[in-house]
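Structure in C-alpha cells, see below.
The values are calculated or read from the model by the stated rules, or taken from the named source; none is laboratory data. Since this is a predicted model, take the numbers as computed values, not measurements. Counting neighbours? That spans all protein chains shown, and the Cβs are built from the backbone with ideal geometry, glycine included.
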C-alpha cells in the first residue's frame with residue numbers, strides 16, 4: 001500500500017465510531033417505497049462499478065455508448081464525478097479505486113465489474129442475509145478500505161418519462177422526433193458486516209432527449225444527492 005493509500009485508510013478507520021452510529025440512522029427496510037437513506041457525514045462507503053445495463057428502445061445503449069460495457073463505464077465515470085462534488089463523500093472508494101485495489105491484490109480473485117449481483121435484481125425480504133458468493137466478494141472488497149458500507153449499482157436503464165412532474169420538465173423537441181426519456185439506476189445500499197440490505201430501489205434522473213450528453217450526468221447527480229449528506 002502506498003503513502004496515499006495509507007492516509008486514506010487512516011481516514012476511514014478514524015470514522016469507525018460514525019459507522020457504528022450509522023446503523024441507527026439507516027433504516028433496515030429494503031422497500032423501494034421508502035426514501036433513500038443517506039450515509040451520515042464522514043461515514044465511509046465503497047461504491048462498486050455499475051454491474052449491468054439494458055439497451056434503450058431501438059437497441060442503442062445509454063449515454064451514446066457503442067456497447068453495454070461502454071455504457072457501464074460511462075455511468076461509472078459520471079458517478080465518480082458527481083460524488084467528487086459532494087461533501088461527505090471525499091474519502092469514499094469509487095469504482096476506479098476499487099479496480100486499482102483489486103489489481104494490487106490479485107489473490108482476492110474478485111472481479112468488481114461482475115460480482116454475483118443477479119440475486120438482488122428483485123428486492124430481498126428484509127430478514128434475508130446476503131447470499132454467497134456475493135457476500136464474500138463484497139466483504140473482501142470492503143475490508144480493503146476498513147469499512148462496512150457498500151453501494152452496489154445493479155442495473156442502468158433508460159425508460160420513457162414517467163409521472164407529471166418529469167413530463168413537465170421534459171424537452172419539448174428531440175432530434176428526429178424522438179420522445180424524451182429518463183435514465184434510472186437500480187441500486188442497493190448494503191451493510192456487509194451485518195450481511196444486510198439497507199435499501200433497495202431505483203433512483204431516477206431528469207427528463208432528457210435520448211441522445212443528450214446530460215442523460216447519465218443528471219442521473220449520477222441525482223444518485224449523489226440521494227445517498228450523501230452535504
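Would you be able to say whether some residue in segment 24-40 is out of contact with any helix residue (DSSP H, G or I) (no Cβ under 7 Å at 6 or more places or on another chain), at pLDDT below 90, more than 27 Å from residue 156 (Cα to Cα) and surrounded by fewer than 13 Cβ atoms within 10 Å (Cβ to Cβ)?
Yes, there is a match, as at least one residue in segment 24-40 is out of contact with any helix residue (DSSP H, G or I) (no Cβ under 7 Å at 6 or more places or on another chain), at pLDDT below 90, more than 27 Å from residue 156 (Cα to Cα) and surrounded by fewer than 13 Cβ atoms within 10 Å (Cβ to Cβ).
Test of understanding: among 162, 129, which residue is touching a helix residue (DSSP H, G or I) at 6+ places or on another chain (Cβ under 9 Å), loosely packed, with under 15 Cβ neighbours inside 10 Å and not in a strand (DSSP E or B)?
Details: 162 fails: touching a helix residue (DSSP H, G or I) at 6+ places or on another chain (Cβ under 9 Å).
Within the list 162, 129, the selection yields 129.
Could you tell me how many of the residues in segment 202-224 are more than 11 Å from residue 158 (Cβ to Cβ) and assigned to a helix (DSSP H, G or I)?
Selection size over segment 202-224: 8.
Considering only residues that are in a helix (DSSP H, G or I) and either on the phi > 0 side of the Ramachandran plot or within 13 Å of the chain's Cα centre (by Cα) (or both), which ones fall in segment 75-95?
Matches in segment 75-95: 75, 76, 77, 78, 79, 80, 81, 82, 83, 95.
Pairs needed: first member in segment 123-149, without any contact (Cβ under 8 Å) to a residue 40 or more places away in the chain; second member anywhere, part of a loop (DSSP other than H, G, I, E, B) and buried (at least 16 other Cβ atoms within 10 Å of the Cβ); C-beta distance under 7 Å; at least 6 residues apart or different chains.
Cβ pairs passing all conditions: 133/116; 134/115; 134/116; 134/117; 137/110; 137/115; 137/116; 140/110.
Right, another one. Just to be sure before I move on: is residue 78 over 25 Å from residue 177 (Cα atoms), crowded, with 17+ Cβ neighbours inside 10 Å, touching a helix residue (DSSP H, G or I) at 6+ places or on another chain (Cβ under 9 Å) and touching a residue at least 40 places away in the same chain (Cβ under 8 Å) in the structure I sent?
So residue 78 passes the test.
Also, I was wondering about something else. Which one of these is touching a residue at least 12 places away in the same chain (Cβ under 8 Å), over 14 Å from residue 223 (Cβ atoms), surrounded by 18 or more Cβ atoms within 10 Å (Cβ to Cβ) and within 12 Å of the chain's Cα centre (by Cα): 46, 50, 98?
Exactly one residue qualifies, and that residue is 46.
With the structure loaded, tell me whether residue 110 is modelled with pLDDT of 95 or more and in a helix (DSSP H, G or I) or whether it fails that test.
Details: modelled with pLDDT of 95 or more: yes; in a helix (DSSP H, G or I): no.
So residue 110 fails the test.
Restricting to segment 38-59, name every residue that is in contact with a strand residue (DSSP E or B) (Cβ under 9 Å, 6 or more places away or on another chain) and either assigned to a helix (DSSP H, G or I) or within 27 Å of residue 210 (Cβ to Cβ) (or both).
47, 48, 49, 50, 51, 52, 53, 54, 55, 56, 57
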